[in-house]
Amino acid sequence: MGNLSALFGLEVVLTLCTGGAVAAFAIVGIEMFSKGWEGYEEKYVKGAERSLDDMYLTIPIQHLVYLSICSALVLAVLAGLVFGSVALGVIGAVIGLAVPEILVRYLRRRRLTRFGYQLVDALANISNSLKAGFSLPQAFQLLQQEMPTPLSLEFRLVNQELRLGVPMEEALDHLVRRIGSDDTDLVVTAIAISREVGGNLTEVFDNIAETIRERHKMEGKIRALTAQGKAQALIICSLPIAMLLMLNYTNPELVQPMFHRPLGWLILSVIFILELFGVLLIRKIVRIDV
């Protein structure tokens with residue numbers, strides 16, 4: 001009887017110790033996850049907030065974080081259902097987390113590209129306005145009224161700062177920080193130098209507009225010459241994925257072991273790394289700064 005009670009007491013002690021260890025592990029895991037999530041959220045928010053502000057979008061940053069989580073879950077479920085593999089589901093989740101941020105960066109880059117092309121016409125309009133007797137703030141006001149977005153939005157903000165008493169040099173510096181392009185920096189520097197030491201601003205603007213126009217022509221030629229290489233890179237990088245999908249549809253027994261065995265996961269990881277390395281290498285080769 002005493003042995004039974006002792007054995008029962010030992011089982012209770014072991015159960016309590018095991019439960020305490022599991023609880024402690026769960027608490028530590030939750031704390032580590034919460035700290036990691038806070039770090040990820042803070043890093044993600046800092047980069048996305050600037051991009052959204054530059055595009056004048058009033059989307060709450062937290063919604064963008066939640067959108068990345070939703071896209072990760074959707075891609076993970078789709079990859080898991082299509083291929084029946086947990087590893088591919090994890091890869092889909094990682095890709096889904098990055099999709100909203102990639103989309104925001106693409107939209108911001110497209111907006112800044114449009115601003116760069118509109119800047120040439122804006123310089124011509126400023127030059128004509130100065131020749132007609134307008135002051136520089138009045139020329140900026142005409143840009144706000146006559147030019148399309150996004151240039152009109154940027155100069156609207158410049159005009160608002162000028163009306164609030166912000167010095168022109170400071171308002172234009174804010175414009176350069178928002179846009180972050182060399183052409184805008186060149187224009188603002190020319191304006192600052194001309195206001196400080198004097199000079200013919202109309203001639204300066206005409207010369208800058210011609211320089212930017214020639215740069216855009218050169219960039220267009222480079223894009224045309226590298227278009228074939230980019231198309232070849234896209235086709236070559238898409239072939240392994242297309243073949244994998246085709247084999248999984250036509251002969252699943254041949255492909256499914258790759259999704260359920262450690263060796264297959266290793267092969268898929270190597271393929272993914274080589275694909276990523278090839279994309280980055282080709283992008284480095286065809287990307288030429290003018």
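Subtract the Cα-Cα distance of Val77 and Leu274 from 0.36 nm times their separation in residues, and report this length gain in nm to one decimal.
68.4 nm
Between Val90 and Tyr117, the simple label model (points 7 Å from Cα in the Cβ direction) yields a spacing of 4.4 nm. Volume per residue of the convex hull around the Cα atoms, evaluated for region 194-279, comes out as 158 Å³. Tell me the net charge near Gln118. Cut-off is 14 Å between Cβ atoms, Gln118 excluded, with +1 for each Lys or Arg and -1 for each Asp or Glu. Cβ neighbours under 14 Å give a net charge of +1. Cα-based values for region 85-179, radius of gyration first and Dmax second, are 19.5, 71 Å. Remark: the Ser152-Leu263 segment gains 34.3 nm on full extension, using 0.36 nm per residue and subtracting the alpha carbon distance.
Mind listing which GluC sites (Glu not before Pro) in region 136-222 are in a DSSP loop and have 10 or fewer other Cβ atoms within 10 Å? Working shown, then result.
Values: sites: Glu146, Glu154, Glu161, Glu169, Glu170, Glu196, Glu203, Glu210, Glu214, Glu219; in loops: none.
The qualifying sites: there are none.
With a simple spin-label model that places each label point 7 Å from the Cα along the Cα-to-Cβ direction, the separation between Leu254 and Ala231 comes to 3.0 nm.
So how much slack lies between Arg283 and Glu169, counting 0.36 nm per residue of separation and subtracting their Cα-Cα distance, in nm?
Numbers: separation 114, 0.36 × 114 = 41.04 nm, distance 3.73 nm.
Here the answer is 37.3 nm.
Cβ-Cβ distance of Arg110 and Asp206, R₀ of 35 Å, FRET efficiency by 1/(1 + (r/R0)^6): the value works out to about 0.80.
Every number here is computed from the coordinates shown, using simple stated rules; none is lab data. From a predicted model like this one, the values you see are computed outputs, not experimental measurements. Note that we place each Cβ from the backbone using ideal geometry, even for glycine, and neighbour counts take in every protein chain shown.
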